[in-house]
1. Which FRET efficiency value, to the nearest 0.05, do you get for residue 90 and residue 136 by plugging their Cβ-Cβ distance into 1/(1 + (r/R0)^6) with R0 = 22 Å?
2. Using the Cα atoms of the chain to build a convex hull, what is its mean projected area in square nanometres?
3. Against the longest alpha carbon principal axis of the chain, how many degrees, from 0 to 90 and to the nearest 10, is the axis of helix 145-167 turned?
4. Nearest 500 deg cm²/dmol is fine: what mean residue ellipticity at 222 nm does the chain get from its DSSP H runs of n ≥ 4 alone, each adding -39,500 (n - 2.57), divided by its residue count?
5. May I ask you to list the residues of the range 88-116 whose amide nitrogen lies under 17 Å from a point 7 Å from Cα along the Cα→beta-carbon direction of residue 68?
6. In a Gaussian network model over the chain where Cα atoms closer than 10 Å are linked, find which of 94, 133, 183 has the largest mean-square fluctuation.
7. Measure nothing fancy, just the Cα-based angle from helix 189-203's long axis to the longest principal axis of the chain, in degrees from 0 to 90, nearest 10.
8. For residue 238 and residue 122 in the same chain, what is the full-extension length gain: residue separation times 0.36 nm, less their Cα-Cα distance, in nm?
């Protein structure tokens, strides 16, 4: 009888212990939950502070309509799809002319680059290029495009680093600016400022951020855009970080690879596109 009573007491004690541990665990969980909510709130505040501090820079890297009267996306990729002789060149030249007027002083795109297989302006461009006065209009050959982009990206990195450093009152160099300072070993602040001044003069860019409109003229089934393994296809996805917008001119939707269709932000279609081409384009495009 005594053994039985002892066994019952032990069982009750074990049950009480389990209940106590359960409530302790629940208490710890609630404590942990409250701590997490506080930590998450602190993280939200830190992110908000960074967003506010870098608001302009982050907005400049966004893909969004440029203006309510000029709805093409900044940092976007536009597919201009039209049959031969229907006015593709005329259309992108008008875009290049219109963007100049979005601001009274400066064009939105300070640089407009036309890339073609010939490496020369065609007759249509030569006829209308004088209308584009605020932006610098240049032409490059398709075989030189990748090298040109890589060089331009390096220039933009340095240009942005210098401007950010100036805006921080020469106190907060980013990684690129730190590299420049370590490489140059300026003896004093005056030498540093002289270098920065000369560097900006050599750029001869009037806007910050410096934006570029890159037009890939007649790039139907072009080797550079054939598949995602090509360097150009990979680069296209990163151009927004350098404030480069792209217009790809082709004659049919089938001339664009699936990978390119999926990253289009805007599409301009001319009459003459078949229903099958249209449905296939809509199915594959995110625009």
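Quick note: the coordinates plus some simple rules give every number you see, no bench work behind them. Just so we're clear, the structure is a prediction, and the values are computed from it rather than from any experiment. Cβ coordinates were reconstructed from backbone atoms using ideal geometry, including for glycine residues, and neighbour counts include every protein chain displayed.
1. 0.60
2. Averaging across all directions leaves 27.6 nm² for the Cα convex hull.
3. Compared with the principal axis, the helix lies near 60 degrees.
4. After summing the helix terms and dividing by the residues of the chain, the value is -16000 deg cm²/dmol.
5. Correct set: 102-103.
6. Highest fluctuation among the options: 183.
7. With both axes taken from Cα atoms, the answer is about 50 degrees.
8. 38.9 nm
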